[in-house]
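Q: My structure is below; once you've seen it, I'll send some questions.
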Amino acid sequence: MSGGSFNYLCDAGNLEELARKADDLTDMGRALFEYAPDHPATARTVALVKLISETRIDNSLRDVWEAMEWWKSCDWSEDDLKNALAEFEVK
């Protein structure tokens, strides 16, 4: 029997690679939770799933990045950037 049930999630070396494998990470979290719900490795995996999923849907951060990019490109004013920063909500 070979590996690959989670598309070689174990080979992800950083958060960027984990983010690309978010679905596999979620599946791994579920499998660990079913097998060992109280194990620290399960808790850490579930925490990573939560971190990645929250980061992927954080549109307010994207709004700040857009404002900085467009301001640095001289397409938007500094006031636009200040407004985006003021509207940013920390979750």
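The values are calculated or read from the model by the stated rules, or taken from the named source; none is laboratory data. Computed from a predicted model, the values in this text were never measured in an experiment. Counting neighbours? That spans all protein chains shown, and the Cβs are built from the backbone with ideal geometry, glycine included.
Q: Residue 89 fails exactly one of the following numbered conditions: (1) without any contact (Cβ under 8 Å) to a residue 12 or more places away in the chain; (2) on the phi < 0 side of the Ramachandran plot; (3) outside any helix (DSSP H, G or I); (4) surrounded by fewer than 15 Cβ atoms within 10 Å (Cβ to Cβ). What is the number of that condition?
A: Every listed condition holds for residue 89 apart from (1).
Q: With respect to residue 27, is the statement that it is at negative phi and either part of a helix (DSSP H, G or I) or hydrophobic (A, V, I, L, M, F, W, C) (or both) true?
A: Details: at negative phi: yes; either part of a helix (DSSP H, G or I) or hydrophobic (A, V, I, L, M, F, W, C) (or both): yes.
Yes.
Q: Being part of a helix (DSSP H, G or I) and loosely packed, with under 13 Cβ neighbours inside 10 Å is the filter; apply it to segment 30-54 and report the residue that is modelled with the lowest pLDDT.
A: Of all residues in segment 30-54, those part of a helix (DSSP H, G or I) come to 30-35, 40-54.
Cutting the leftovers down to loosely packed, with under 13 Cβ neighbours inside 10 Å gives us 34-35, 40-41, 44, 47, 50, 54.
Numbers: 34: 97, 35: 95, 40: 95, 41: 96, 44: 96, 47: 95, 50: 91, 54: 78.
The residue in question is 54.
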